[in-house]
Amino acid sequence: MAEDRSLDPRFDPRYQRGFDPATMPVEPSILRAPVEEVGPVPQASPVLPPSREGERLAIPDDDDEEFEPAPTRNPFRLALLLVSIGLLVVAGALTWWVANNQNAFLSGSAAETAWNWTFQSLTQVVPPAAFVAGFVGLGAWLALGALGALRAQPLPHPEQDDE
């Protein structure tokens, strides 16, 4: 089957399959697509929105110092701190309770019912995990605070000379 290998007039013939520079010279009119004339582009003017009565718009000047963002508290960081402290308190309380009631656990009298056996198992498993989670949470809280402090400090400009 023979394919129709005619050149597409929309595209530059040099980059189409079947173009042979020896047999098909490139005409300059083919290389350029017709350009539509567009009217003048309207310039954007700094138009301020109409202000409400009694309200003034503050337009910062270039001479003003850079605006610093208002310090805001991150509620998730506060929740991380409270949960971490709560986990440490629970772990400490359970450890203290087990230490003070050690005789009941050693004699076996505390594990007579299913509830007592479950509570005894939980008091052996929960405190170590709660201690670890609490200390990791406090470390994460400190790291987030350090990152926030670094982000709040302006970086030195590379073109400024240190004096």
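The values are calculated or read from the model by the stated rules, or taken from the named source; none is laboratory data. Just so it is clear, the model here is predicted, and its values are computed rather than measured. With ideal geometry, Cβ positions are generated from the backbone for all residues, glycine too; neighbour counts draw on all protein chains shown.
Of note:
- Residues considered: Ala79, Ala99, Ala104. Of these, the only one that is under 30 Å from Phe131 (Cα atoms), assigned to a helix (DSSP H, G or I), out of contact with any Phe, Trp or Tyr (no Cβ under 9 Å at 6 or more places or on another chain) and modelled with pLDDT under 80 is Ala104.
- Segment 71-82 residues that are over 10 Å from Gly137 (Cβ atoms) and surrounded by 11 or more Cβ atoms within 10 Å (Cβ to Cβ), paired with ones that are of a type in the set (S, T, N, Q) and at pLDDT 80 or above (beta carbon under 6 Å, 6 or more apart): none
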